[in-house]
Amino acid sequence: EGVWKVLSMDNTGYCNDSFNSIRSSTSDEDMVEIAGSTLDFSNTEDVPPLDRDYGSGDNPGMEEVNGVPKLMDLLDEPVPGVGTYEDFNTIDWVREKSKDRDRHREITSKSKESTWALVNSVCDAFSGWLLMLLIGLMSGALAGGIDISAHWMTDLKEGVCLNGFWFNHEHCCWTSNETTFQERDKCPQWKSWAELIIGATEGPFAYIMNYLMYVCWALLFSFLAVTLVRAFAPYACGSGIPEIKTILSGFIIRGYLGKWTLVIKTITLVLAVSSGLSLGKEGPLVHVACCCGNILCHLFTKYRKNEAKRREVLSAAAAVGVSVAFGAPIGGVLFSLEEVSYYFPLKTLWRSFFAALVAAFTLRSINPFGNSRLVLFYVEFHTPWHLLELIPFILLGIFGGIWGAFFIRANIAWCRRRKTTWLGHYPVLEVLVVTAVTAVVAFPNSYTRTSTSELISELFNDCGLLDSSKLCNYDNANVTKSSNELPDRPAGNDVYTAMWQLSLALVFKMLITVVTFGMKVPSGLFIPSMAVGAIAGRLLGIGMEQLAYYHHDWAIFRGWCSPGADCITPGLYAMVGAAACLGGVTRMTVSLVVIMFELTGGLEYIVPLMAAAMTSKWVADAIGREGIYEAHIRLNGYPFLEAKEEFSHKTLAMDVMRPRRSDLPLSVVTQDGMTVEDVETMITDTTYSGFPVVVSHESQRLVGFVLRRDLTISIDNARQRQDGIVSTSRVFFTEYTPPQPPNSPPPLKLRGIMDLSPFTVTDHTAMDIVVDIFRKLGLRQCLITHNGRLLGIITKKDILKHVAQIANRDPDSILFN
């Protein structure tokens, strides 16, 4: 049954003495990752370790039999701290799942005994759905607030509304009667900073004044963002998706999903987006939703006390994050499944679906965009595309793949430089310099001055008769139709000006995003990547449109594009380009296409989007195998076993296990031949997290496995609670204690803290099978035997180092830091 029994302990004595001794003798570097519980009694982090609800003094669940403390059952009477893990440790999935099955079995058996127990059983089954409802409501509300605040603060850089400073530019001019159709964004209620300060709207002084105010606001917002992150929640910086992938694979980073991180990330995300830096809010919204999920888990014992169950909730929360970021609930579920989750059972799929639905509904009721739509970039055009247009779509896919691979390499090189040089010591200065450069370069170009979301929206848009955008300034000499569907027309001067400005914007966005992503402010990558692709796509689309207009007699256009017809839709090319670039950077495929058509409402364009997404993935994979998130996981040295990578090297378990031939022999505990002093000496002299238990040093026959912490706790506890336990007392892991000599001190029986079913493989097991076992079962360690005799141990860290060595990388880069 895998029931874990542990000795009751005196909390006060344990906290003060033995935990400090463990902490001082165990280095994170050499820690062997061992299955089972490790403890954390420091109360400095946001999220307390599980099971922090213990009392003080003697444990009331302690029973004495003939004057000797009885071994207690973990499930009947939980001992404080047991079942928790220390920071920067990997959870043991097998043990957590087993614990949950035992808990479920107990509830089911009790439910037949009384009505109250039956009600309790129903509540337990329903708690998962209730938790999803709460996560959806909370994340949707936060996302709506972030959208509204960011829109208002972005407009604040250019001016202020006299009716009420809390109105953004659009809302300010909504109620005005003085607006004209051509200049719908100008109204007397909205004043630019130049108007307010020097009373002029035109001329060089007004331009310089607006320029200065734009740069000053941008610097203020980014300074506030980086200062808040640095002072209150260092974990709130960056995208958050690499760390969430690592946490979902079973690693523990305390405080990463805590309440302070949530509060600071929400505030600083608004500031960072408003500052005009080349970053998006989509990735950080996944982090925000996972923080909501983690905090709400504490309301339910089932999720608070089980790390594996909590990770199922976090998988669903990641889906909620994308759902509220893009207004794409189904895309969010697929994103969680394809990109972030490590373990995604069918039950989690349904719950993710429900949570994403609730979140999207909440966001829709807040209506942050004021257009009664859930989506950011809704497109109105539904012109069919022609088969020959797949050629430029595939070209956009190739561009997206090449740019994605270039971006990953450049960004990782820059982040590595930040880590290893003086640059990393001045995060505030770095953010301010990048903001200043971004603002100074962005202001003169109207396409980089606006927020990136508005730019993408304009690029996706198709030109109607009433559009006032420069991109739509065509010569309308031959337009006879009064409908909004216009034939292909010759481009006017403004279109060529716009194309020059967009080309400069493209180069600027491509370069500045490399240094922006990874700074100490919340920064997402979805929107900047889409902007690069949308600009490239729109430029290609206009080029194709003009080619079709002037050369409609060419063979490629002859069959389907007659003069005066609306053949080419430049907005569609922008959509396809955006998908291609986002796919090249993140290597998403299915979820990307679904997000794109949910985002734009362009259901007719699934095939072009699929073609571009697939091409960009193939091209990017040919240049470099890793997506941006995997690359950042490797850069930070997180212990993440990538499920997508094939392990093709021909090595055996004996080649990877420790100890190697030149090392000292494996530290083991014998089942009946050691004294308390021997065990304590071994604990002091080594830094391992646990020890195999063998029959004897000569036979090396494996009996079980015992954790360093459990040994220390049990010995400390026995010294305080049991009469006569001294350094010369014998330690027994056997079922029955043999008779002792008459004058010897009483023995210490520790069979209850031993894992009797550790995972073992033989020394000739192929390493690819061992890696598969570690991935699929979420193991922390595996023991190696030969003819039933213990030979060595392989830990998750050993596997990661081995994989790094095969890939010609530094094995010491797996730092758990």
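The values are calculated or read from the model by the stated rules, or taken from the named source; none is laboratory data. Small disclaimer: the values here were computed from a predicted structure and weren't measured. Virtual Cβ from ideal backbone geometry, glycine too; neighbours counted across all protein chains shown. Remember, those area values only see protein heavy atoms, side chains included, never the ligands or the DNA or RNA. Shrake-Rupley method; radii C 1.70, N 1.55, O 1.52, S 1.80 Å.
For a quick protection proxy, order the peptides 393-402, 108-117, 511-520, 436-445 by their average other-Cβ count within 10 Å, most packed first.
Descending packing order for the listed peptides: 393-402, 511-520, 436-445, 108-117.
Let me check something: with ligands and nucleic acids excluded, how do 288, 695 order by accessible area (1.4 Å probe), largest to smallest? Each step should come with its number before you reach the end.
Working: 288 5, 695 55 Å².
Highest to lowest solvent-accessible surface, that is 695, 288.
Using Cα-Cα distances under 8 Å and only pairs 6 or more residues apart, what relative contact order does the range 653-807 have, in percent?
It rounds to 27 percent for the range 653-807.
Measuring with a 1.4 Å probe in the full set of protein chains, what accessible area per residue, in whole Å², belongs to the range 653-807?
Computed with neighbouring chains in place, this is 45 Å² per residue.
Rounded if a/c is under 1.5, else prolate if a/b beats b/c, else oblate: with a ≥ b ≥ c from the C-alpha gyration tensor eigenvalues square-rooted, which is the range 608-729?
Because a/c hits 1.5 or more and a/b exceeds b/c, the range 608-729 counts as prolate.
Amide H neighbours of residue 793 under 5 Å, at least 5 residues apart or on other chains, H built in the peptide plane: list them.
Close amide H contacts, sequence-distant or interchain: 658, 784.
By per-residue mean of other Cβ atoms within 10 Å, what is the highest-first order of 617-626, 120-129? Present the calculation step by step, with values, prior to reporting the outcome.
Values: 617-626: 17.8, 120-129: 14.5.
Per-residue Cβ counts within 10 Å, averaged per peptide and sorted highest first, yield 617-626, 120-129.
So, taking all protein chains as they sit and a 1.4 Å probe, how much accessible area belongs to residue 749, in Å² rounded to tens?
Taking all protein chains as shown, residue 749 has close to 110 Å².
Using the Cα centre of the range 95-142 as origin and beta-carbon charges of +1 (Lys, Arg) and -1 (Asp, Glu), tell me which of 119, 109, 131 is placed farthest towards the positive end of the dipole.
Comparing the listed Cα positions along the dipole, 109 ranks first.
Hey, can you grab everything whose amide H is under 5 Å from the amide H of residue 258? Only 5+ residues off in sequence or another chain; H modelled, so Pro and N-termini drop out.
Long-range HN contacts for residue 258: none found.
A 25 angstrom limit on the alpha carbon distance is what I want to check against. Which of 157/259; 110/776; 157/186; 617/650; 259/281; 245/302 exceed it?
Checking Cα-Cα distances, 157/259; 110/776; 617/650 exceed 25 Å.
Let me know the charge dipole size of the range 653-807 about its Cα centre in debye, to the nearest 20, where only the beta-carbon of Lys, Arg (+1) and Asp, Glu (-1) is charged.
Charge dipole, the range 653-807, about its Cα centre: 380 debye, nearest 20.
If you split all Cα-Cα distances of the range 182-259 into 10 Å bins from zero, what percentages do you get per bin, shortest first?
All Cα pairs considered, the percentages come to 15, 26, 19, 17, 16, 7, 0.
Just the Cα atoms of the range 482-635, one point each, no solvent: what log10 I(q)/I(0) does Debye give at q = 0.08, 0.13, 0.14, 0.21 Å⁻¹?
Listed by q, the Debye log ratios stand at -0.28, -0.70, -0.80, -1.36.
Please report the accessible area of residue 192 (heavy atoms, 1.4 Å probe, ligands and nucleic acids excluded) in Å², nearest 10.
20 Å²
Taking amide H positions as placed 1.01 Å from N in the peptide plane, with prolines and chain starts having none, which residues 5 or more places from residue 689, or on another chain, fall under 5 Å of its amide H?
Correct list: 32.
Write down the accessible area per residue of the range 125-258 in Å², having rolled a 1.4 Å probe over the full set of protein chains.
I get 46 Å² per residue for this part.
With all protein chains present, how much of the accessible area of the range 365-433 (probe radius 1.4 Å) comes from carbon and sulfur, to the nearest whole percent?
Percent of accessible area from carbon and sulfur atoms in the range 365-433: 67.
Just reorder 694, 433 by solvent-accessible area, largest first, 1.4 Å probe, all chains present.
These residues rank, largest area first, as 433, 694.
Could you go through the range 440-455 in sequence order and give the Karplus-derived ³J(HN,Hα) for each residue, using 6.51 cos²θ - 1.76 cosθ + 1.60 with θ = phi - 60°, rounded to whole Hz, and x for Gly and Pro?
5, 6, 6, 4, x, 9, 4, 7, 9, 5, 6, 5, 4, 4, 5, 4
Any idea what Rg and Dmax come out to for the range 653-807 if you just take the C-alpha atoms, in Å?
That works out to 17.1, 61 Å for Rg and Dmax.
Applying the Karplus parametrisation 6.51 cos²θ - 1.76 cosθ + 1.60 with θ = phi - 60° to the phi angles of the range 663-680, what ³J(HN,Hα) value in whole Hz is obtained for each residue in order, glycine and proline being reported as x?
7, 5, x, 5, 6, 10, 10, 8, 6, 8, x, 10, 9, 4, 5, 4, 5, 5
How large is ³J(HN,Hα) for each residue in the range 456-463, as worked out from phi by the Karplus curve 6.51 cos²θ - 1.76 cosθ + 1.60 (θ = phi - 60°), to whole Hz, x for Gly and Pro?
So the Karplus estimates, Gly and Pro as x, are 4, 4, 5, 5, 6, 5, 9, 7 Hz.
Skip the ligands, DNA and RNA, and give the accessible area per residue of the range 523-581 with a 1.4 Å probe, whole Å².
Roughly 27 Å² per residue, with all protein chains present.
Hey, could you grab the Kirkwood Rh for the range 101-233? Inverse mean 1/r over distinct alpha carbon pairs, Å, one decimal.
For the range 101-233, inverting the mean 1/r across all distinct Cα pairs yields 19.7 Å.
Share of the range 653-807's accessible area from carbon and sulfur, percent, 1.4 Å?
Values: 3630 of 6940 Å².
Carbon-and-sulfur percentage of accessible area, whole number: 52.
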